[in-house]
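Enquirer: The structure's right below; bear with me while I get my questions together.
The values are calculated or read from the model by the stated rules, or taken from the named source; none is laboratory data. Everything numeric in this text was worked out from a predicted model, so none of it was measured. Backbone-built Cβ (ideal geometry, glycine too); neighbour counts: all protein chains shown. The area values use the complete protein model at the heavy-atom level, side chains included, leaving out ligands, DNA and RNA. Shrake-Rupley method; radii C 1.70, N 1.55, O 1.52, S 1.80 Å.
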Amino acid sequence: MLDPDPGIASTAVTHFKKVIAAAAALGLNTVNGFVGRDWTKSIDENWPTFLSTWRPIVKYAEDHGVRIGIENCPMSFTRDEWPGGKNLFTTPVIWRRAFNDIDSPNFGLNYDPSHFILQDMDPISLWQSSSPGFFTSMPKMWPLIAPPSIRWGALTFP
């Protein structure tokens, strides 16, 4: 939903609200998605746009009885996105800040340990901490065999 191009950002928000409405119409109570990020700006520079974009989305989800699980993948694919990537929701510090600023039982995370391992975070302790709340999970076993930091180093461009 966050993007340096306002047209892309607006289209993404409109689409995600349709996904939320469709989930409610189908009797589903959870959707997953990405926060997005203007990768040309710092986390703090993204924060006002994050709040002005996501507070209404979360309210919309609450009104429809749908929870939002945010994906924690950094979404870094090209050199111009390194190291921040295209997703603001990459670390526990950022999640706690976001969940403090948007306090809603309908706003949580999708648990995908492969992304924690990619960032050299312990996926087990994050799961056990129960904070923030994980609504869904996508366990992928291949990174557990050989974490990327062992193959390439923690800060090497993927």
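Enquirer: Distance check, please: which entries in LYS17/LYS59; LYS17/LYS41; LYS18/LYS59 exceed 20 angstrom between their Cα atoms? Intermediate values should be presented prior to the final figure.
Expert: Working: LYS17/LYS59 11 Å; LYS17/LYS41 25 Å; LYS18/LYS59 14 Å.
LYS17/LYS41, as the Cα separations exceed 20 Å there.
Enquirer: If you don't mind, another one. Would you mind computing, in nm to one decimal, how far apart the modelled labels at LYS18 and ILE43 are, each placed 7 Å from Cα along Cα→Cβ?
Expert: 3.3
Enquirer: With a 1.4 Å probe and every protein chain left in place, work out the accessible area per residue of region 2-62 in Å², rounded to a whole number. Please list the in-between numbers first.
Expert: Details: 3220 Å² over 61 residues.
Accessible area per residue: 53 Å².
Enquirer: Further question: Once amide H atoms are built 1.01 Å from N in the peptide plane, which residues 5 or more positions from THR30, or in another chain, come under 5 Å H to H?
Expert: Amide H neighbours of THR30, under 5 Å, 5+ apart: ARG67.
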